[in-house]
1. With no solvent and one equal point scatterer placed on each C-alpha of segment B:13-71, evaluate the Debye formula and give log10 I(q)/I(0) for q = 0.25, 0.27, 0.29 Å⁻¹, two decimals.
2. I'd like to verify something in chain A: which complete DSSP H helices, judged by Cα projection on the helix axis, reach 18 Å or more and average at least -1.0 on the Kyte-Doolittle scale?
3. Among B:433, B:445, B:205, which residue has its Cα positioned farthest towards the positive end of the charge dipole of segment B:195-462, with +1 placed on the Cβ of Lys and Arg, -1 on the Cβ of Asp and Glu, and the dipole taken about the Cα centre?
4. Hydropathy first: keep DSSP H helices in chain B averaging at least 0.0 on Kyte-Doolittle, then drop any whose Cα extent along the axis falls short of 24 Å, and list what survives.
5. Taking the solvent-accessible surface of protein heavy atoms with a 1.4 Å probe, what is the per residue accessible area of segment B:324-369 in Å²?
6. Can you tell me what share of the DSSP beta bridges in the protein assembly as shown is antiparallel? A percent to the nearest 5 is fine.
7. Looking at chain A only, what percent of DSSP beta bridges run antiparallel? Nearest 5 please.
8. When all C-alpha to C-alpha distances in segment B:137-244 are sorted into bins of 10 Å, what percent of pairs does each bin hold, rounded to whole numbers?
Amino acid sequence: MLRDSRIYYTCLGALLSFLAFFNYLIDPYGSFGTDILNVNPVDSRSEILNKLDSADPQLQTLLFGSSRSLLFKHFPGLNVALYAGAIEDHYSILRYAVDDLQYPIKAVVLVLEPDLMVSSHPVEKMLVKNSKLNRWLIKEPILYGQSLFAPPGYIDDIAMLLSVTTLKNSTKVLLKALKKRMSNGDKSDQDIGVVGAKNNHVLGRIAEARDSIDARLRQYRKLYMSALALDKTRIKYLDMFAEFASENNIKVILVHPGSSKVFWDEMMSLSNFKNINSEFYDLIQKVRVRYGWTEIDIRPGKWKGLPLEYPDGVHLSKPSAAIIDNEINEGLRNVF
Amino acid sequence: MFFNSYVFIFFFFPVFLLSWIALFRTRNSRWTLLLLSSCLFYAWWDFRFLALLAYIIVINFTAGNYIYGLENQKTKKQVLIISIILSLLPLVVFKYLPWLGGYASVLLESESRVAYDSLLSSIILPLGISFFTFQALTYTIGLYNNKCSHCASIVKFSVYVSMFPQLMSGPIVRYQDLDDQLENIGDLRNKIDLKGGVELFFIGLIKKIIIADRIGMYINPIFQPGADLSATVAWLAVMGYSLQLYFDFSGYSDMAIGIGRCMGIKLPDNFRAPYTASNPSDFWRRWHISLSTWLRDYLFIPLGGSWKGNVITYRNLIITMFLAGVWHGANWTFICWGIWHGLMLCVYRATPAHIKKRMPVWFSVLLLNIAVLIGWTFFRTTSVEHAFEFFNAMLGFRYSAGAAIAWPIYFMIPLGYMIHYFERRISDKPVKLGWSYAVLLAGASAWAILELGKDAPFIYFQF
């Protein structure tokens with residue numbers, strides 16, 4: 001027992017208030033309209049929807065993927081890849097483009113990795129909150145009477161303000177803003193990119209360390225440590241995606257993103273990674289064969305083209321992304 | 001609803017507590033408030049199972065009335081037996097039927113087998129069923145044995161069975177321990193301990209979220225059947241599990257007791273640093289105390305206890321622990337775990353006193369911990385085959401460099417045992433802790449709140 005509980009309660013109250021206030025002011029998801037640093041909110045889904053809303057009415061191709069696909073800049077249609085974009089994002093965006101916006105989509109490129117098919121990677125809160133996209137998410141059946149037992153609305157706000165994920169995102173936003181101000185608009189940083197940036201200041205070094213192979217390995221190991229198998233709901237989304245594309249005569253080009261050999265070999269020493277990857281490729285091959293998808297495989301040992309570079313182990317360098325861009329465009333020409 | 005959720009911490013509990021202290025100040029109004037809040041708490045998970053809770057309450061309350069009103073001892077015994085059978089019936093249907101019924105599926109044709117298997121797998125285990133069933137039974141059995149007084153009010157009895165702080169995972173409280181407290185609930189002067197209660201609640205939350213869930217995240221992949229493990233990884237995983245289970249369950253108990261304190265109700269301790277015990281009997285005086293004393297008083301002693309010679313005592317120990325295993329779950333692994341603990345108790349009892357005396361304490365603690373870890377291996381694995389696969393790995397027979405364990409586990413395990421040892425020191429010799437501890441605790445509490453969104457259920461909810 002504590003000798004003086006006042007210290008405990010004062011510290012606890014102060015800490016929680018500070019953290020909630022910090023998250024409220026930074027507002028990384030743009031939920032409260034504060035955003036004092038005046039930086040773009042992390043919610044890339046809204047940006048994608050804006051792009052889609054203002055796209056050419058004759059838009060015929062879309063590219064779905066995660067941050068690994070953001071550098072495919074020469075894609076002839078619209079690249080709708082998202083940071084940590086998972087299959088439920090792709091399915092919802094495809095439905096939005098076809099059902100709501102009535103684009104005559106003829107082909108899509110689906111860049112899919114098993115890392116985003118495991119349950120330890122949660123469904124993004126911003127997808128669940130997005131009213132244009134969440135209509136196509138699978139709703140768990142709730143008994144009629146059970147719907148009476150719903151928490152009051154302010155609980156969602158508290159959960160957002162006092163959450164470790166929000167805190168991480170707020171810190172990222174703060175660091176980004178500080179970095180921008182300290183570099184005082186120095187373009188050289190942006191040209192080189194975060195990886196390999198010749199920054200001498202502390203924030204640059206933090207960014208560099210965060211994007212090293214070691215950091216990626218730590219991040220992926222953590223993800224796979226608590227992942228025992230593929231997420232069943234995500235397997236359903238994959239089926240729904242394939243079924244919807246098939247019903248609407250949309251051709252699918254499946255891309256297996258690669259990684260550096262060093263990264264791959266390190267990860268393969270983790271039994272969960274090995275098992276989940278093998279489960280994923282068995283599953284995806286069945287889907288591919290059933291729906292007649294074409295395939296581009298750039299995983300180590302599978303890719304036969306020019307050598308590819310992955311500065312942080314998983315993300316392609318710009319020249320390497322251009323090589324895959326060409327490959328995808330070639331694939332699209334064959335499809336049409 | 002779970003204690004480790006935003007809705008409980010920021011809505012349910014503050015609203016309840018405010019009403020409890022400020023608005024409802026008479027005995028009857030507090031009974032009503034506590035009953036309705038407990039129903040809401042349970043219904044938040046699945047309102048359909050409120051009917052089951054009501055069934056257990058009605059059966060035992062009615063049986064209590066009969067037992068109290070009857071003169072004839074034989075008829076009283078018949079009422080008691082009927083009430084025990086009727087109370088255990090839902091437990092059999094929801095907990096054991098899916099397991100035992102599974103063996104019967106081989107008798108069916110393939111199509112009917114699919115339908116039968118899907119019927120069995122559709123049975124949901126109601127949360128806390130074993131806990132509230134046993135809690136209700138302590139009243140009926142206690143009344144039959146003249147250990148407690150008759151409860152004339154069904155509202156009071158319903159409050160006793162369904163009290164939300166310990167509804168899901170105990171501690172299992174006997175009626176005689178709560179009778180007076182519930183009767184005098186209208187006057188809680190000098191009983192409500194908000195400061196101590198909230199502090200204990202947060203200690204439980206820290207144990208659950210920061211220690212147990214984190215360890216669980218690291219060790220769960222290791223317990224996959226078929227994983228290639230080295231002896232070191234297997235031992236680390238089972239040590240991690242023993243700490244995860246302790247911090248998860250004792251965390252829940254701390255939260256329950258803390259909530260009780262805030263309400264002015266004293267709930268019994270459920271844990272006293274069990275891994276510092278030096279023998280199996282001592283371990284069971286420190287682990288899940290409310291269940292072990294229940295088993296002692298309602299099974300071991302009625303079977304004859306330890307007064308009828310060694311052979312009968314060993315038999316009673318094995319039967320009692322076998323049933324403890326069955327209580328925990330419908331799987332052979334739990335039965336093996338129960339029998340293992342029964343054997344541990346028998347071996348300890350059979351060991352001559354001079355050997356016990358000569359053994360250094362540190363060695364006894366080490367030996368006990370190794371035996372307990374073997375037991376937890378049964379408890380955690382998914383089947384007996386998986387358990388033996390794991391034992392092979394622990395003995396180094398399945399050596400492989402295949403599966404690695406996350407490096408933080410190397411820190412978490414010593415840290416867990418250190419905290420455990422610290423708890424033992426505090427429970428043996430209570431001390432008032434200074435400001436540095438208060439600041440540390442506040443930091444850890446804030447961290448636990450930030451991690452709430454993961455909503456990991458308590459391990460003992462499945463029992």
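1. Log-scaled intensity ratios, in q order: -0.96, -1.01, -1.06.
2. Numbers: long enough: A:5-26 (31 Å, 1.27); A:164-183 (28 Å, -0.20); A:232-247 (22 Å, -0.39); A:271-291 (30 Å, -0.72); A:318-335 (25 Å, -0.39).
Flagged H segments are A:5-26, A:164-183, A:232-247, A:271-291, A:318-335.
3. B:433
4. B:27-46, B:50-69, B:73-91, B:231-263, B:310-328, B:332-350, B:361-380, B:409-428
5. Details: 2420 Å² over 46 residues.
Per residue, segment B:324-369 has 53 Å² of solvent-accessible surface.
6. So the antiparallel bridges in the protein assembly as shown amount to around 5 percent.
7. The antiparallel fraction comes to roughly 5 percent.
8. In whole percents, the pair-distance histogram is 11, 27, 22, 20, 15, 5, 0.
The values are calculated or read from the model by the stated rules, or taken from the named source; none is laboratory data. These numbers come from a predicted model, not from an experiment. Cβ coordinates were reconstructed from backbone atoms using ideal geometry, including for glycine residues, and neighbour counts include every protein chain displayed. We work out accessible area using only protein heavy atoms, side chains counted, and drop any ligands, DNA or RNA first. Shrake-Rupley method; radii C 1.70, N 1.55, O 1.52, S 1.80 Å.
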